[in-house]
Structure formats: C-alpha cells, structure tokens
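S.K.: Got a structure for you, written out below as structure tokens; questions coming shortly.
Derivation of every value follows stated rules applied to the coordinates shown; laboratory data play no part. Predicted model only: the values in this text are computed from it and were never measured. Counting neighbours? That spans all protein chains shown, and the Cβs are built from the backbone with ideal geometry, glycine included.
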Amino acid sequence: MNRDIEKLMSSLKRVSLSGPERARLRSALRASMRSAPATFSTTRRPLIMAPVAIALVLALSTGGGIALAAEGALPGEPLYAVKVNVDEKVAGALALSTEAKADLAARLAEKRLKETSELTSDDRLTPELKTELRGRLAEHLEDAKEKVSDLKRKGRDRHASKVEDHLRSSFDSHRASLDDLEVGVSFRESDEGVKLRGDGSIDDSIGDDSEDNSRDSGGRRGRDRGRIEIDF
Amino acid sequence: MGHTDTEERFMALYDAEADAIFRFSFMKLRDREAALDVTQDVFTRMWEYVRRGSTIEHFRAFAFRVARNAITDHVKKSRPLYEHELGEGAEDILEIAAPGDAETKAELAGLLECLSALPEDDQELVTLRYTEGYPVKEIAEEKDELPNTITKRLARALEALRECVGVVPTT
C-alpha cells in the first residue's frame, strides 16, 4: 500500500447518515424525548458549559490555598467550582496511565456520591443540585467504564477488578444517593451473562433478549425511561 | 405540541454531531446497521443526561466517550468480525469513501483493521484529527491535554498504522 494514511482517513469524511437514516434516528430520538421529556428549561442556562475562568483566576492568584480549601466544598458552595474545575482537572492532567485514569474516575464517582449524601443529610439537596450531581456522576461512571474496558483489553484484569471493587464498595455505601440521583449500575460477572445488580443481588436473565425488550418503531431496543443505567 | 427549548437545542447538537458519531462507530464496528444502532443509543443516553438540566462541559468529547462505551457493549453482545471480514453495509460505505476505486477500498478495509489494533484513545485521536479534521488545539482542549502531547501521540499512532498496513512514508 502506497497511499497516504492521512488521505485515506480523510476520505472517510464523505461517509454520513443517509437522508432516511438521519430522519429515522431523529424520529426515534423525538419519541424518546416525548416519553422522557425535558424537566429543565435551558433558556438561560447552557447545555454545554464553558470552563469557569473566574474560579481558575482565583485559584492561580492565591496559590494552593484556595485549592486546598476547596476540597471539602459541596455543590452550591462558592469553592465547589474550584474543586471540580481546578483541583479535579489538575488531577486528571496528572493521571497519565490507564490505571491512574481508572482510579481517578472511580474516586471522583465516589466523591459525587458522598456529596449527595452530605447534602441529603443537611437537607440541602435541591432539584438543581441533584441534576448537577447526576450529570457529573454519569460522566465519571462512563469514564470509569471506558477505562475498565481498556484495562481488560490490555490484559490488566487485576487492576480492572480492583477498580470495579472500589466502585462496588462506593455503591454499597451510598445506595440511597444512587437512588436519589436515579442512576443504576450493574456489573457483568461472566461472559455467560450473569450480572450482579448494584445491591449485590443476581440478575439471572441470560443473554440479550431477556433484557429490556422494549423496541421502538424502528425495531431498535429502547432503554429504561427516567434512569441512567450503566453496565460494567 | 410544542417542543421545549432544551429539546430544540439538543436536536441541534444531534444534527451537528450525529454523522461524526456514526462514522466513528462504523470505523470500529465495520457494520453499518451496528453503527446505526450505536448512534441511536449514544444520543438516547445523552438526552437522558441533559434532559434534567445536567450540564456537559464538552458535548462532543462526552458523546465520543459514550460511543466508545456503547460500542464495547455492542461488541460484548455480538459475534466479533473475523480478520478481513466486513459487516453488513460496509461495502456500501467503502464505496462512498472511494467511489469505483477497488484498490483504495481494499486499502481502506485494511486500514480500518489496523486502526482497531491501536489503543482506544489513539483510535479516537486519529479519527478526530484525520477523518473529522478537528485542529490539534481543539482536541487538546477537549481532552485536557497539552497540544504538544496530542501531536506526539498522533505521530506515534500514524507510525504504528503505517507499519501495520505496510506504507512507505512520503516526505
């Protein structure tokens, strides 16, 4: 083969959804939205958040003091922005290996669950804070799932199991918080399809067909409405 | 029935990113129907994340992460492709990329196999840079990395791909 790799890769840009495919997916997405509509208006709030420049300037101008003080901050408190947008970003940048990234994702997921618990104890878990925590937790769990898969692909099963054990322990300790945030997590124990639910009970449905049999008009599988479900 | 502003803004994001997610899914699965399933799955999950007001810092980067996980889930449930095997609809896609050019189509098929052998992060980097055409600086910002780090990783990934497909680099 003598063709330039970059040119070959760029030729794939011509590939796109066909008109009917795009319309079909759009229609299915609209159907999902009708069955699980938005509960929050984003007229004055962006769907995509820009980095918090003020928090960054504050952290940089005060050296490490502000960053340290931010560690215990909870959602809704002024230093929380520093915690998630500075401290945790720095930690992310320093995590170079897949193991380190996986460990970090699990730690961050645990932090979000602890924050949920603390806010609930203080009766300060407002609907707005709940949605913020839910979104952040979902990102950390998707990140953890991705990194665990990467570890298993690389044959680093021991570390993958360690991360999964950490997550299980977090979920066991903060089951009420998971329920509050409407996030469900399950772990696949073996290739035969036996799964443990987040509460440790066995989900003994075998194979694909016995799970979530709802299908949309296009014949594609639906998902549980109202809950974020993440399978490890 | 009117649609809320949240829904309309989300559909705009779908319109902007659906093709990229579909292409990425196809490149990893080499099966058009599977790529369609994954694309729908990704946006359905993304809707679940945003519909209650959760903010996502980088929508595209998060969508690609969700896509990688959805692809992993799909692969767990499906028979893996054999070496040199292409899934349903793949020939049509290669024809779109290289119309009427059998040699290039074969090279593309080989390249996709080699791409799947790269580390997951590098597969995504190569796709974002050379298929989607995003600048290094933008990719670095989404991934919280230094641009120089991304440049080096891209160079190593390209080298690995060249070695796999047997390309003599042109200078």
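S.K.: Between the stretch A:96-170 and the stretch B:102-171, what is the C-alpha centre distance in whole Å?
M.R.: 29 Å
S.K.: Now, a different point. Restricting everything to alpha-carbon atoms, can you work out Rg to Rh for chain B with a Kirkwood hydrodynamic radius?
M.R.: That ratio is 0.99, to two decimals.
S.K.: Sticking with this one: Enumerate the amide H contacts of residue A:185 below 5 Å, restricted to partners 5 or more residues apart or on another chain; note that Pro and chain-start residues carry no placed amide H.
M.R.: A:198, A:230
S.K.: Please list, or write none, the lysines whose alpha carbon is within less than 23 Å of the alpha carbon of residue A:130, excluding same-chain residues fewer than 8 places away.
M.R.: Of all the lysines, those that pass the test against residue A:130 - Cα under 23 Å, at least 8 places apart if same chain - are A:83, A:89, A:111, A:114, A:145.
S.K.: With N set to the residue count of the stretch B:118-171, report its C-alpha Rg divided by 2.2 N^0.38 Å to two decimal places.
M.R.: In units of the globular-protein estimate, the stretch B:118-171 measures up at 1.13.
S.K.: Would you order B:46, A:33 from fewest to most other beta-carbon atoms within 10 Å of each residue's own beta-carbon?
M.R.: The most exposed by this proxy come first: A:33, B:46.
S.K.: Please compute, over every Cα-Cα pair in the stretch A:96-161, the percentage with a separation greater than 15 angstrom. All intermediate terms of the calculation are to be shown ahead of the outcome.
M.R.: Details: 1168 of 2145 pairs.
Pairs farther apart than 15 Å: 54 percent.
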